[in-house]
Amino acid sequence: MDRETRTFAERYYRGLRDRVPSGGGPRPSSVNFIQAPDAFSYADFVKGFLLPNLPCVFSSAFTEGWGSRRRWVTSEGKPDFEYLLQKYGDAVVPVANCGVREYNSNPKEHMPFRDYISYWKEYIQGGYSSPRGCLYLKDWHLCRDSLVDDLEDIFTLPVYFSSDWLNEFWDVLNVDDYRFVYAGPKGTCPCCRSPFHADIFRSFSWSVNICGKKKWLFFPPGQEEALRDCRGNLPYDVTSTELLDTHLYPRIQQDSLPIEVIQEPGEMVFVPSGWHHQVYNLEDTISINHNWVNGCNLANMWHFLQQELQAVQHEVGEWKDSMPDWHHHCQVIMKSCTGINYEEFYHFLKVIAEKRLLVLRQGLKGDSGDNKSLGLGLQQAAFDVGRLADVLASVVVNPDFQRVDTSVFSPQPEELLQQLEDSVTAAEAL
């Protein structure tokens, strides 16, 4: 990030005046296609898509140097089963059965990768049908399970998505990540656990087709409300004829049609925060996908977590007066349902904040220090510190956060906030 882009972004957030950025302006009629890497900078992405929270598609030219596009794919553009078996045959991978619905998801099992490839071949030979149903390899943590040198031979993280706090945080904990591989035959849905959804924690995501073709159906933030049924539930499948029943879906409108995108091999889709979507494989497809959070959607994540806690409190509200530590139990339930609660969210903020504060302190002293190892410039670190300060200021005054036992937190939230605010002031000279 350069100084001009940082200034532009900071002015944008000051203009929001504590409103959550959503991209909820006029509905775009289509999704922009970015053709040439040399003609599209990080600043272009920040100003044109990240800040306004709008989707876009990058051409295959952005990924043509990736090793996976050469090695995982045959000369005919199909998955190279023989190479994949040789390289990953013994890996154990998660597989979802898209033909079976359990509530709003699909049952999953784990199997050796070689067994899934055998199934895939049989599925193709059977005319894209199998007594076992339609199985989809979903949420394979290949990055987490691979050596760094092997990853460099698979893909190169695009600079546009390099400010990735979510995976930076999980890499520090060394227990998980939000980097995935999806693979499966045509007709399957990579979002099959919850086919119509917005991404976890209201994160951004990016998805590259290593081979194959997908159809995406996008709904801008807020438009999903017209798709709720009479009980307030979102549909499992937005293409279902059930949505024609106005008694079941009384809010449905003619302008509730999605924005459709066809993603070709090698192309890269940017999915903004809070955009509900549904995805289909139009061909046998392998894709690499990351969920990510940074300063541009941190407020969206915090807003989402507040909504999630309120939903839990509503569900168990009748026990508020009779249940000891009711507020604590709400946090426990929230974490089991959402994957994170207020305590872990503060830990997330703290980890990123301490790393950015270190970069800024070293930079203000004229020492690049950890700057390059983090892939950060001083202007990016300064912007990040400002966004962290804004969101943490909202967190520390939140009544539900004030009920969290922070006695063992180090530093204390108010102390960390003061450090951030002091650094924001110091960074004005950069």
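The values are calculated or read from the model by the stated rules, or taken from the named source; none is laboratory data. None of these values were measured; they are calculated from a predicted model. With ideal geometry, Cβ positions are generated from the backbone for all residues, glycine too; neighbour counts draw on all protein chains shown. In case anyone asks, the SASA skips ligands and DNA or RNA and just uses the protein heavy atoms, side chains included. Shrake-Rupley method; radii C 1.70, N 1.55, O 1.52, S 1.80 Å.
Please state which one of R14, R19 is in a helix (DSSP H, G or I), basic (K, R) and within 22 Å of R202 (Cβ to Cβ). Explain how you work it out, then say what you get.
Working: R19 fails: in a helix (DSSP H, G or I).
R14 is the lone residue from the list that is in a helix (DSSP H, G or I), basic (K, R) and within 22 Å of R202 (Cβ to Cβ).
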Quiz item: Where in region 329-430 are there helices (runs of 4 or more DSSP H), lying wholly inside it, with at least 2 residues that are open to solvent by 20 Å² or more (accessible area, probe 1.4 Å) and farther than 23 Å from Q307 by Cβ?
Solution: 342-364, 378-396, 413-427
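Is one or more of the residues making up region 49-59 outside any loop (DSSP other than H, G, I, E, B) and open to solvent by 30 Å² or more (accessible area, probe 1.4 Å)? Working first, answer last.
Taking region 49-59 and keeping what is outside any loop (DSSP other than H, G, I, E, B), we get 49-50, 56-58.
From what is left, the residues that are open to solvent by 30 Å² or more (accessible area, probe 1.4 Å) are none.
Scanning region 49-59, I find no residue that is outside any loop (DSSP other than H, G, I, E, B) and open to solvent by 30 Å² or more (accessible area, probe 1.4 Å), so the answer is no.
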Exercise. Go through region 1-34 and count every residue that is of a type outside the set (S, T, Y) and at pLDDT below 85.
Key: 10
Self-check item: Among (1) more than 19 Å from S207 (Cα to Cα); (2) crowded, with 17+ Cβ neighbours inside 10 Å; (3) not small (G, A, S), the one test that V95 misses
Solution: (1)
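Please pick out the residue among Q263, Q313, Q253, Q307 that is open to solvent by 40 Å² or more (accessible area, probe 1.4 Å) and modelled with pLDDT of 95 or more.
Just one listed residue meets the conditions, Q307.
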Quiz item: If Y83 passes every condition in (1) touching a residue at least 24 places away in the same chain (Cβ under 8 Å); (2) in contact with a Phe, Trp or Tyr (Cβ under 8 Å, 6 or more places away or on another chain); (3) within 25 Å of K138 (Cα to Cα) but one, which one does it miss?
Solution: (1)
Practice problem: Kindly list the number of the only condition in (1) within 22 Å of I210 (Cβ to Cβ); (2) open to solvent by 30 Å² or more (accessible area, probe 1.4 Å); (3) hydroxyl-bearing (S, T, Y); (4) without any contact (Cβ under 8 Å) to a residue 40 or more places away in the chain that fails for Y119. | Solution: (2)
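When you scan region 6-40, how many residues do you find that are farther than 21 Å from S394 by Cβ and in contact with a Ser or Thr (Cβ under 9 Å, 6 or more places away or on another chain)? Write out each step before concluding.
Applying the first criterion (farther than 21 Å from S394 by Cβ) to region 6-40 yields 6-8, 25-40.
With the extra rule that they be in contact with a Ser or Thr (Cβ under 9 Å, 6 or more places away or on another chain), the set shrinks to 33-37.
Counting residues in region 6-40 that are farther than 21 Å from S394 by Cβ and in contact with a Ser or Thr (Cβ under 9 Å, 6 or more places away or on another chain) gives 5.
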Quiz item: With (1) without any contact (Cβ under 8 Å) to a residue 60 or more places away in the chain; (2) among the aliphatic types (A, V, I, L, M); (3) within 30 Å of Y12 (Cα to Cα) as the list, and V46 as the residue in question, which single condition is left unmet?
Solution: (1)
